[in-house]
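To start, the structure itself, in structure tokens.
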Amino acid sequence: MTLTPYKNEPYYDLSDEANREALQRALAEVGGRLGRSYPLIVGGKRVETDGEISSVNPAKPDQVVGRTGRATEREADMALETAKRTFESWSRTEPTARARILLRASAIMKRRKMEFMAWEVYESGKIPSEADAHVSEAIDFLEYYAREMIRLKDGVGINAIAGEESQYFYQPMGVGVVIAPWNFPFAILTGMSAAAIVTGNTVVLKPSEHTPVLGALYAEIMEDAGLPEGVLNYLPGYGSEVGDYLVGDPRTRFISFTGSMQTGLRINELAAKPNGQPWIKNTIIEMGGKDAMVIDESADLDAAARDIVTSAYGYGGQKCSACSRAILHEGVYDEVLERVAEGVRSLRVADPTDPETDFGPVVSEAQFEKVTGYIEAGQEEGELVAGGGFGDPSRGYFVEPTVFRVEEEARVAREEIFGPVLSVLCARSFEDALRIANDTPYGLTGGVYSRNRDHLETARREFQAGNVYFNRTITGSLVGVHPFGGFGMSGTDSKAGGPDYLPLHMLPRTVVERF
Ligand code: NAP
């Protein structure tokens, strides 16, 4: 099987008039399709439920993007049973045939990319350029994992002793429960489930309650790509209603989760409890962060300030990789803070369909309450440097980009806020800055701006985060280029989009024959 070498999906140049017009057409066309219903999909059949989830546009909460089914334990049971049954045939399907389905799904996404970007704008409140990056990431996951499966299909080389043949290969695991977050509702959901599927497992897919329509669209693409019925079962539902059931059920072989620390730890604990299944459930758990950028005295201060602003406020700070702490050496503190504040004051928060918008609303009313609560706390704990305002949530969940000057112990400097709020801290030395950066239970992303080789080499060794970036932004990881994942309380460091990811979904076996 010959394929072109893997490369990342290019982004649209949205300054190009033709692309802007195509985007407007896509927004208008998708805008005309809002409000439709999306039932569950179990074993290829549409399954209606008594309840429903209403997904709204966070920029206009009275606009319903779509209504999806709302699974209860009854439907969760059906989905697990279907996935268990389908595993018998899917696990025996040739890896190359499985990979071809991902490649076909990628081709469909490429052809309809503007359309999916428009859905992201409406359902998750992203501006089109962010939506482009995230739909491109979904395409990248499909392309990359298809090639990874082809690389791994016959196992990997090991040694043999004279007179024997040794084989080391991977076999599928079983039923995977894939639980996705809302912030990358297309990309992460695609990546987690495609990896589970291409490795020969069957999947029960639970999207976030805030972005279930994008999950339905993904399930439809996989159907169009020829995925056999029952391999992917689309199960929108509230985590509080079906989460424990899916995780605890003895038919579940592994759980692939991305979301908050609180939910991740709960899943990890429940999955570890024996419940009659003859295996230890595997868990791939990616959680939150309190990511920091360190700026030393030797840094290019303009570039550092610019990249702090991009890393902190892209998609309103709702990226797990977002910079939520800027740790500035005391020698450059005032200067960098002033430049960051200047950059922040120039940001425009508005409806993401408006081309002048830098970032849109936070995703939900609950998120709005959480973020604005932290803004109140920050004003008591420290000094408000910029922003601090927010709108009437009934007219969209808009929060101003906010900067606080605080001490290390402030809650805003220690807890994950997941919104457009940056804490700026002062360090006495580079070592002190690294100490502050590492003084968190999380370990997801981090960055250093410096021209000092010793500082960079020290940070290479000592900065305790899964993804560390020097002299650039700390967001925007690319599949196959920046394998992504954190450790500590940020997760199991699965490194999505990297060479170690697919084996997490398979059982390695050694078979030896003596001749
Ligand atoms: P969340 O509240 O933990 O939800 C994540 C998913 O878990 C949702 O589908 C949710 O369903 C489900 N869930 C809730 N309770 C559950 C339970 N008891 N059992 C099983 N599933 C349950 O997180 P979020 O607010 O969607 O996402 C934001 C978080 O994700 C942030 O902390 C962010 O840092 C993290 N994140 C991490 C990464 C990474 O790669 N490390 C990437 C992206 C995001 P409902 O929607 O119905 O509640």
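The values are calculated or read from the model by the stated rules, or taken from the named source; none is laboratory data. Nothing here was measured: the structure is a model prediction, and the numbers come from that model. Ideal geometry is used to build each Cβ from the backbone, glycine not excepted, and the neighbour counts take in all protein chains shown.
Restricting to the stretch 6-30, name every residue that is under 25 Å from the mean Cα position of the chain (by Cα) and either in a helix (DSSP H, G or I) or over 30 Å from residue 482 (Cα atoms) (or both). Give the derivation first.
In the first step, residues of the stretch 6-30 are kept if they are under 25 Å from the mean Cα position of the chain (by Cα); the result is 6-14, 23, 26-27, 30.
Once the filter is applied, which keeps residues that are under 25 Å from the mean Cα position of the chain (by Cα) and either in a helix (DSSP H, G or I) or over 30 Å from residue 482 (Cα atoms) (or both), the stretch 6-30 yields 23, 26, 27, 30.
List pairs: first in the stretch 422-438 and buried (at least 16 other Cβ atoms within 10 Å of the Cβ), second among the small types (Gly, Ala, Ser) and outside any strand (DSSP E or B), Cβ under 6 Å, 6+ apart or cross-chain?
The qualifying pairs are 422/312; 423/413; 427/433.
Just to confirm my filter: which strands (runs of 3 or more DSSP E) fall fully inside the stretch 406-490 and include at least 3 residues that are within 25 Å of residue 388 (Cα to Cα) and either in contact with a helix residue (DSSP H, G or I) (Cβ under 8 Å, 6 or more places away or on another chain) or outside the structural domain of residue 381 (by TED's automatic domain parsing) (or both)?
Correct list: 421-427.
Test of understanding: among 80, 34, 3, which residue is surrounded by fewer than 14 Cβ atoms within 10 Å (Cβ to Cβ), of a type in the set (A, V, I, L, M, F, W, C) and at pLDDT 95 or above?
3
Residues of the stretch 200-213 being away from the ligand (no atom under 16 Å from the Cβ), on the phi < 0 side of the Ramachandran plot and not hydroxyl-bearing (Ser, Thr, Tyr), which ones?
Listed by number, the list holds a single entry, 201.
Would you check if there is a residue in the stretch 214-226 being at pLDDT 95 or above, within 13 Å of the ligand (Cβ to nearest atom) and crowded, with 18+ Cβ neighbours inside 10 Å?
yes
With surrounded by 18 or more Cβ atoms within 10 Å (Cβ to Cβ) and either in a loop (DSSP other than H, G, I, E, B) or not assigned by TED's automatic domain parsing to the domain that holds residue 344 (or both) as the only criterion, which of 355, 361 stands out?
361 is the lone residue from the list that is surrounded by 18 or more Cβ atoms within 10 Å (Cβ to Cβ) and either in a loop (DSSP other than H, G, I, E, B) or not assigned by TED's automatic domain parsing to the domain that holds residue 344 (or both).
For residues that are in a helix (DSSP H, G or I) and touching a residue at least 60 places away in the same chain (Cβ under 8 Å), scanning just the stretch 221-243, find the one that is farthest from residue 188 (Cα to Cα).
241
Test residue 425 against the stated conditions and say whether it is at pLDDT 95 or above, of a type in the set (A, V, I, L, M) and either more than 17 Å from residue 290 (Cβ to Cβ) or within 26 Å of the chain's Cα centre (by Cα) (or both).
For residue 425, the condition - at pLDDT 95 or above, of a type in the set (A, V, I, L, M) and either more than 17 Å from residue 290 (Cβ to Cβ) or within 26 Å of the chain's Cα centre (by Cα) (or both) - is not met.
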